[in-house]
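Worksheet: the structure to be examined is printed underneath.
The values are calculated or read from the model by the stated rules, or taken from the named source; none is laboratory data. Keep in mind that what you see is a predicted model, and the values were worked out from it rather than measured. Virtual Cβ from ideal backbone geometry, glycine too; neighbours counted across all protein chains shown. SASA here: full protein model, heavy atoms, side chains in, ligands and nucleic acids out. Shrake-Rupley method; radii C 1.70, N 1.55, O 1.52, S 1.80 Å.
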Amino acid sequence: MKIDKSLVRSFPLFERMEDADTEALLAHATSRRVPVGEAVFEQGAAATHFHLLLHGRLKVTQVTEDGQQIIVRVVHPGDLFGFAKALQRTDYPGTAMAVAESIALCWPTELWPQFVDRNPRLAVTAMQTIGQRLEEAHARIREMSTQEVEQRVAHAVLRLAKHAGRKEGDAVRIDFPISRQDIAEMTGTTLHTVSRIMSAWEAKGLVEGGRQKLLVKDAEGLLALAERTKG
């Protein structure tokens, strides 16, 4: 089925791309609907395709050598993901699972080199994406090394609000189901600790939870917690 270029025109990858180049790229794509809880690909599997998220949200998880599962990033609409070829890998370094009903475009991995050769914009976007992920990874490592758990959780919630927030009056709704376990896996802590922190925040009017929905009621208050220094 031919994919309408209007579906992708607003995404950064395609904003400055010529119509002919966009159509050539989309001509090789297939669309895939991903139900909640289904994986687009799994950690360690052969990297047969690279992808662009059209709609929904995905979480990318990794299982460490000691068996701990961590969430390394959230994939938002317009994000490229699974382009292992650009990382000189033949397998996927993580599992990409839908946390909301999602639709992704998929291309065979073997097309990546010729796409990059013919379309510098794709190469630039890939480099920018890799750079952003490295920056996020460094920020999280720094947080894990220097910050208390409450600060790390505040940073994680603020990042979610920034990238997946929808205004709801004076508050911001995280626009996909997010559990306390998910936040624990994002911040390297336990479900019990996150539950204690979130309950305290709810009592203070900073956030409001319920049924995996998270409403940030006082972003400035959370920012003050995130940037708090010891002393």
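Worth a mention:
- Listed by chain and number, the aspartates and glutamates placed with their C-alpha closer than 20 angstrom to that of LYS5 are GLU15, GLU18, ASP19, ASP21, GLU23, ASP79; residues fewer than eight positions away on the same chain are left out.
- Cα-Cα separations in segment 1-68 greater than 18 Å, expressed as whole percent: 52
- Percent of Cα pairs exceeding the 22 Å cut-off, where the set is segment 68-152: 37
- The chain: mean projected area of Cα convex hull, nm²: 13.9
- Carbon and sulfur %, accessible surface of the chain computed with the full protein complex present, 1.4 Å: 51
- Computed over protein heavy atoms with a 1.4 Å probe, the accessible surface of the chain works out to 54 Å² per residue.
- For LEU214, the residues whose modelled amide H falls within less than 5 Å of its own, excluding neighbours fewer than 5 places apart on the same chain, are ILE174, ILE178.
- Debye-sum result for segment 136-231 in log10 I(q)/I(0), which assumes one identical scatterer on each alpha carbon, at q = 0.19, 0.23 Å⁻¹: -0.87, -1.31
- Peptide packing: for 177-186, 193-202, 59-68, 26-35, the average count of neighbouring Cβ atoms within 10 Å per residue gives the ranking 177-186, 193-202, 26-35, 59-68, highest mean first.
- Links that overshoot a 23 Å alpha carbon limit, given the list LYS59/LYS85; LYS85/LYS162; LYS2/LYS59: LYS85/LYS162; LYS2/LYS59
- Ignoring lysines fewer than eight residues from LYS204 along the same chain, the ones with Cα atoms less than 16 angstrom from its Cα are LYS217.
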